[in-house]
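Derivation of every value follows stated rules applied to the coordinates shown; laboratory data play no part. Just so you know, these numbers come straight off a predicted model, no measurement behind them. Note that each Cβ is placed from the backbone with ideal geometry, even for glycine, and that neighbours are counted across all protein chains shown.
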Amino acid sequence: MSQLRWGLALLAAGTVFAQAPAFEVATIKAATPPDRGQMMAGAAMHVGMKIDAARVDIGFMSLADLIRTAYDVKPYQISGPDWLKSERFDILAKMPDGATKEKVPAMLQALLADRFKLTVHKESQEHPVYALIVGKGGPKLKALPTVRLRDAGA
């Protein structure tokens, strides 16, 4: 009976200390600004994130964009120096065998912590808000008449 407990304790410890998913290899480079002539000509630009079975290709994304992608947060939830939004990066990373695109945010978190020394903390803040409430006499809003497109145009 004690051997069974010891085996379960080792299994639990293994899951606690399991390594977070990470890219096998990743390169990060400062992104070059897009050439205006190529943009005007409609040339394909390397912008955004593309994921296939073996790699993740990120182009011209700011560190704020990368943080939003990695942690699934809104822009107003990120604070830091101004360069978080202005500096742009290109990242090419190889995913480990068997990794799915659902694991990419966790792998991106590990990459940001490793290469950018990013640390994250969560805090609650109070902000002023406006409330739209119904007054004593009830709502005073009136519906606008429906306008058809052909009536409004010509």
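The count of lysine pairs in region 22-116 with alpha-carbon distances below 20 Å, taking only pairs 8 or more places apart or on different chains, stands at 9. In plain terms, the chain from residue 79 to residue 119 could stretch by 13.2 nm, reckoned as 0.36 nm per residue minus the Cα-Cα distance. Summarising the label geometry, the points placed 7 Å from Cα in the beta-carbon direction at residue 131 and residue 72 lie 3.0 nm from one another.
Can you classify region 60-154 as rounded, prolate or oblate using the Cα gyration tensor, where a ≥ b ≥ c are the square roots of its eigenvalues, rounded means a/c under 1.5, and otherwise it's prolate if a/b beats b/c and oblate if not? In terms of gyration-tensor shape, prolate. Give, as a single signed number, the net charge of other residues whose beta carbon lies under 10 Å from the beta carbon of residue 54, with Lys and Arg counted +1 and Asp and Glu -1. So the environment of residue 54 carries a net charge of -1. Rounded to the nearest whole Hz, the Karplus-based 3J(HN,Hα) values (6.51 cos²θ - 1.76 cosθ + 1.60, θ = phi - 60°) of region 112-117 follow the sequence 5, 5, 6, 8, 9, 6, with x at glycine and proline.
Counted by Cβ distance under 15 Å from residue 109, the other residues give a net charge of +2, where Lys and Arg count +1 and Asp and Glu count -1.
Take each peptide in 86-99, 115-128, 23-36, count the other Cβ atoms within 10 Å of every residue, and average; sorted highest first, the result is 86-99, 23-36, 115-128.
Subtracting the Cα-Cα distance of residue 55 and residue 41 from 0.36 nm times their residue separation leaves 2.2 nm of extension gain. Under 5 Å from the amide H of residue 62 lie the amide H atoms of 89, each residue being 5 or more positions distant or on a separate chain, with H modelled from the backbone and absent for Pro and chain starts.
If you take all other residues with their beta carbon under 9 Å from the beta carbon of residue 92, and give Lys and Arg +1 and Asp and Glu -1, the sum is +1. Here, region 22-116 has an Rg and a Dmax of 13.9, 41 Å when only alpha carbons are counted. Across region 24-154, the relative contact order, built from alpha-carbon pairs under 8 Å that are at least six residues apart, equals 27 percent.
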